[in-house]
Amino acid sequence: MRYLPHTDQEIREMLKTIGVADVNGLFSSVPDSLVFKRPLDIPPALSEIHLRNHLRDLSRRNAHGEEWSLFLGGGCYSHYIPSSVSYLISRGEFLTAYTPYQPEVSQGTLQAIFEYQTMMAEILGLEVANASQYDGSTASAEAIRLAVAVKKRRKALVARSLHPEYRQVILTYLKNEGVSVEEIPFTPEGALDRPALKKALDRETACVVAGYPNFFGVVEDLSDVAEAAHAAGALLITSTPEPLALGIFRSPGEMGADIAVAEGQSFGNAMSFGGPGLGVFACRKEYVRSMPGRLVGETVDAEGQRGFVLTLATREQHIRREKATSNICTNVALCALAATITLALWGKQGFKELARMNFDRSQDLKERLAALPGLRIAFSGTTFNEFVVLPRQKPTDVVAKLVDDKILAGIPLWRWYPELAEGFLVCATEMNTDEQIDRFVAALRRLP
Amino acid sequence: MSTGGRGFQFQEPLLFEISREGRQGFSLPSSTKPRREPPEALRRLNDPRLPELSEPDVVRHFTRLSQWNFSIDTNFYPLGSCTMKHNPRVNEEVARYTGFAHVHPYQPDETVQGCLALMHALERYLAEISGMDAVTLQPAAGAHGELTGILLIRAFQTATGNPRRKILIPDSAHGTNPATASMVGYEAVPVKTGREGRTLASVIAQEMNEDVAGLMITNPNTLGLYETEIRDICDIVHSKGGLVYGDGANMNALLSKARPGDAGIDVLHINLHKTFTTPHGGGGPGAGPVAVKKTLEPYLPVPRVVQKENGFAVEHNRPQSVGRVKSFFGNFGMLVRAYTYIREMGPEGLKRVTELAVLNANYVRARLKDSYHLPFETGQMHEVVFSDKFQKENGVTTIDVAKRLMDYGFAPPTIYFPLVVFGAIMIEPTETESKETLDRFCDAMIAIAEEAKKDPELLRKAPYQTKLRRLDEAKAARELKLRFDFTNKR
């Protein structure tokens, strides 16, 4: 009971002040028939020593990236997190603060979010970014809701090469709002099928959503897609599971995107079995009043000093009720803070160099794998740090065999793409040492 | 802008203002891989204007910013309906174990047995605590859990022939509820709270019909009152084919004392970041698992963790599922923290949590009831709502009381919520606060009530002891500045 400060003496004094005889007397408004009378069927309390041992035992039943060679991407990436990031976000004043509703005592969180908004708008090449969404998948769904609201149209064209789980979330979010979602296929290069897109674009289309890079790691210039969408009166939304790519590749804004969303986990957040992530959301300024979620704005205090506050709250659920732009409330402010700190450490040059390093390493791996007999690379397009490999064997067998070598080899695609049932997605980042890459190539070469 | 300030009352410019060209706070590993050139047509045109700083610059900047934040680690944070309780550090430590932090969601099932075992057990514990049959851990926050819950109701109603059109929402429910109902294609129908601050079965009986898919109810409600007629309310909704959604944000009042499932609730979200001590992080991450009765289990989001003969597995094929509400497995890091807390407390500990949380709220109520107006006279659970009715006589309002409280070193309570109480001041002390802390807080609140009588102007200009004085929120909305303006940089 180390979290509970009350002494018996204090409890007695407090009950006396309240005017009830015992603690049970405080629950008199719960009808007796609804009072829970047996002990909860959960395990008994553990001391801190046993608790840590138990959790350590559980954690040891997982293979993890510090002991295994991990070549998995697909929307969750292993990147180095500088020690200062974990140290700074663990400070109680950040970690245990609430949503900054009272600006006079929340300037730390508010200023950090203002810095985050600036960085995300810069990286995505758009005018405004909000103070975060749950993750890349829900940010993608919210982006379509925004497009539907501002365009007053009810159709969304979504690239089949968009992260499959993002597509699933989009369907869950939009099916009850009367929005139809149509898939646009991909080409042998792994790019968005332009003729199919042009055929599907019509006066009912609110937006086109494309992965950038897409789920297969393919990076393509979407400028012509933006033009086509705009010509039809629709918006271009880009969705980026690996925004580190934007250190070297054209930003969504530079290609004409109207809304750009991303999964910011790569910026200083641990993989943590896929969550929490960091939903990044940026758009043109003209849509800011329809944007879902929080925004921090600059202002002054009563003495004219610069300060920051939550702003445009009239879009939000607690004010606007059923007419709100979204129901989002608690999201992932601490993950946004981790991203802000990480990007401040990387800096302008580091961001570029780290992106370049990921590109170089994965290109090298891709070429070495392509040279193996019987193994092919699925798509000819430029890729960032991941790419689809077609081995001779069943991908699930390959993955299972390499587990014996402590290698987590790739993500089999059969579940989402029957047409790529023979493929698996392989990823390399700065965390994969030269030795790991050599062992991986050798292990694949050894397969029958 | 200088980084000096006055003594320890330092100023802290923005990162972009302290940036100096050529600085870097990051060391890149060396690589023997050849340099490659991305195709010209794909290369970024303008580099993002990220700041250029050394590691000491960054550490000092964010350490200073942290010091401008109020937090539960620094003092009492009596924010109603938000359950700002102590965040145990052991939770943080175990969530950072490499075997949890460096695990990828697409690893083969046999390599993530620890994660799956933890999730499976946490689902069972939450089902037992809430009196429900099955749990999904996927939703990322309370409002996300609400969305999932209403999607489940819609899926159930659609499967039985008709999704129906409306959702009833008592006015004492949480602010996110109407927005959620509308996102799932429902019309939110407000229901008036009775004079005692509770939802009345007789009112629900009038509003309930075959057009209503369900009712969203918060229990204890946002006035901190247990809905005494909950059983009858659930029966009425069920009798017309509706389902009852429980907003479980206030579970801290119920642990081991009463279970929503036993009262007839069909679907409930639980805010792990409130009751189960995962830190609020300045606005998240949270986690909003959803617990359901057996009838709704087939509709839960995919994937599900299932126990098989040779261990745990992830099951994707569930044809009746509402789909997926988030990528991967939810906010796993938060699940580790909540699991750790439940194992730390055990059944007796959790019961004690609720008893002391309710004791603390009633103690604050007893100590402040002569200084602040109590709109409702009935028994209180884990939080208490006052109004500014007494202070208004001197032209002092809730916001002034809240701002003045900062000068006494406390975070303001939740204000102007719930909407059913004009000038609401909503206080939730939680069980981790001692009697001394509550006494210091109550003394401050009483002193402020006295100041309101003697010197109302003093309150209207508060706070005085914070880094910044009262901020101009209207200006921020009028002259939107949402990012740093690089054109003014030297």
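From helices alone, chain B scores -10500 deg cm²/dmol at 222 nm; the rule is -39500 (n - 2.57) for each run of n ≥ 4 DSSP H residues, then divide by the residue total. Look at the alpha carbon pairs under 8 Å that are at least 6 residues apart: their mean separation over the length of chain B gives a relative contact order of 18 percent.
If you filter the range B:60-129 for GluC sites (Glu not before Pro), then keep DSSP loop positions with at most 14 other Cβ within 10 Å, what is left? Please report the intermediate quantities before stating the final value.
Details: sites: B:GLU92, B:GLU93, B:GLU110, B:GLU123, B:GLU128; in loops: none.
Counting only loop positions with at most 14 other Cβ atoms within 10 Å, none of the GluC sites (Glu not before Pro) in the range B:60-129 qualifies.
Under 5 Å between amide hydrogens, built in the peptide plane, is the criterion, and for A:THR240 it picks out A:TYR212, A:VAL261, A:ALA262, A:GLU263 among residues at least 5 positions away or on other chains. State log₁₀ I(q)/I(0) for the range A:36-145 at q = 0.18, 0.24 Å⁻¹ as given by the Debye formula over alpha-carbon point scatterers of equal weight, solvent excluded. Rounded to two decimals, the profile gives -1.21, -1.34.
Inter-chain Cβ neighbour count for A:333-346, averaged per residue, equals 6 (cutoff 10 Å, partner chain atoms only). The residues of the range A:198-279 present an accessible area of 18 Å² per residue when probed at 1.4 Å with all protein chains retained. Helix A:164-174 axis versus longest C-alpha principal axis of chain A: approximately 50°, rounded to the nearest ten.
The range A:88-143 and the range A:378-448 have their alpha-carbon centroids 35 Å apart. Mind scanning A:LYS37/B:LYS351; A:LYS285/A:LYS352; B:LYS369/B:LYS453 and naming the pairs with a C-alpha gap bigger than 18 Å? Long pairs (Cα-Cα over 18 Å): A:LYS285/A:LYS352.
The percentage of C-alpha pairs in the range B:359-490 whose separation is greater than 21 Å is 46%.
The mean number of Cβ atoms from other chains found within 10 Å of a Cβ in peptide B:27-35 is 6, as a whole number. For B:LYS461, the aspartates and glutamates whose Cα comes closer than 19 Å to its Cα, not counting residues fewer than 8 places off in the same chain, are A:GLU104, A:ASP301, A:GLU303, B:ASP388, B:GLU393, B:ASP400, B:ASP407, B:GLU450, B:GLU451, B:ASP472, B:GLU473.
Measuring with a 1.4 angstrom probe and ignoring ligands and nucleic acids, A:SER161 comes out at about 0 Å² accessible. If you run the Gaussian network model on chain A, springs between alpha carbon atoms under 10 Å, then out of A:HIS64, A:HIS50, A:HIS230 the most flexible one is A:HIS50.
Heavy-atom accessible surface of the range A:21-168, averaged per residue, reaches 32 Å², computed with a 1.4 Å probe.
Taking chymotrypsin sites (Phe, Trp or Tyr not before Pro) in DSSP loop conformation with at most 15 other Cβ atoms inside 10 Å as exposed sites, chain B has its longest uninterrupted site-free stretch at B:11-421. Inter-label distance, A:SER83 to A:ASN24: 5.6 nm, where each label sits 7 Å from its Cα along the C-beta direction. Every helix of 4 or more DSSP H residues in chain A counts as -39500 (n - 2.57), and over all residues that averages to -11000 deg cm²/dmol at 222 nm.
For the range B:168-300, the carbon plus sulfur part of the accessible surface works out to 49%, probe radius 1.4 Å. Interface residues of the range A:250-280, defined as those losing at least 40 Å² of solvent-accessible heavy-atom surface relative to the isolated chain (probe radius 1.4 Å), are listed as A:ARG250, A:GLU254, A:MET271, A:SER272, A:PHE273, A:GLY274, A:PRO276. Here, chain A has an Rg and a Dmax of 25.2, 83 Å when only alpha carbons are counted. On a per residue basis, chain B carries 33 Å² of accessible surface, using protein heavy atoms and a 1.4 Å probe. When the listed pairs A:LYS401/B:LYS308; A:LYS348/A:LYS406; A:LYS16/B:LYS392; A:LYS151/A:LYS198; A:LYS323/B:LYS389 are checked against a 25 Å cut-off, the alpha-carbon distance exceeds it for A:LYS348/A:LYS406; A:LYS16/B:LYS392; A:LYS323/B:LYS389.
Cα centroids of the range B:207-280 and the range B:131-164: 13 Å apart. Residues of the range B:175-190 that bury at least 30 Å² of accessible area once all protein chains are present, compared with their chain alone (1.4 Å probe, heavy atoms only, ligands and nucleic acids left out), are B:GLY175, B:THR176, B:PRO178, B:ALA179, B:SER182, B:MET183.
Shape summary of the range B:284-384, radius of gyration then Dmax from alpha carbon positions: 20.3, 63 Å. Heads up, I need the accessible area for B:ARG44: 1.4 angstrom probe, whole protein in place, Å², nearest 10. Surface open to solvent at B:ARG44 totals about 30 Å². Once you've got the GNM for chain A with C-alpha springs shorter than 10 Å, pick whichever of A:MET255, A:MET14, A:MET120 has the biggest mean-square fluctuation. In this elastic network of chain A, the residue with the biggest mean-square fluctuation among A:MET255, A:MET14, A:MET120 is A:MET14.
Using a simple spin-label model with pseudo-atoms 7 Å out from Cα toward Cβ, A:ARG284 and B:SER54 lie 4.4 nm apart. The residues neighbouring B:GLU377, those whose beta-carbon lies less than 13 Å from its own, together hold a net charge of +3 under the Lys/Arg +1, Asp/Glu -1 convention.
Once you reduce the range B:437-473 and the range B:48-120 to the center of their Cα atoms, the two points are 33 Å from each other.
Legend: P(r) of chain B from all alpha carbon pair distances, 20 Å bins from 0, whole percents, reading 20, 48, 29, 3. Here the accessible area is traced with a 1.4 Å probe on the protein chains. For the range B:305-401, carbon and sulfur cover 43 percent of it.
Every Cα-Cα pair of the range A:251-409 was included, and the share exceeding 24 Å stands at 58 percent. Highest average first, the peptides B:190-198, B:473-481 ordered by how many other beta carbon atoms sit within 10 Å of their residues are B:190-198, B:473-481.
Partner shielding of B:113-126 amounts to 3, given as the average count of beta-carbon atoms from other chains within 10 Å of each residue beta-carbon. Computed over the Cα atoms of the protein assembly as shown, pair by distinct pair, the Kirkwood hydrodynamic radius stands at 28.2 angstrom. Once the partner protein chains are put back, the range A:359-390 shows a loss of at least 10 square angstrom of accessible area, versus the chain by itself, at A:PHE359, A:ASP360, A:ARG361, A:GLN363, A:ASP364, A:GLU367, A:THR382 (probe 1.4 Å, ligands and nucleic acids excluded). For chain A, which whole-number percentage of the solvent-accessible area (1.4 Å probe, protein heavy atoms only) is attributable to carbon and sulfur atoms? Within chain A, the accessible surface is 51 percent carbon and sulfur.
How much accessible area is lost when chains A and B come together, counting both sides, with a 1.4 Å probe, in Å² rounded to the nearest 100? So the buried area, both faces added, is about 17600 Å².
The values are calculated or read from the model by the stated rules, or taken from the named source; none is laboratory data. All figures in this text were calculated on a predicted structure; none of them were measured in a lab. Reconstructed Cβ throughout: ideal geometry from the backbone, glycine too, with neighbour counts over all protein chains shown. Side chains are part of the model used for accessible areas, which takes the heavy atoms of the whole protein and leaves out ligands, DNA and RNA. Shrake-Rupley method; radii C 1.70, N 1.55, O 1.52, S 1.80 Å.
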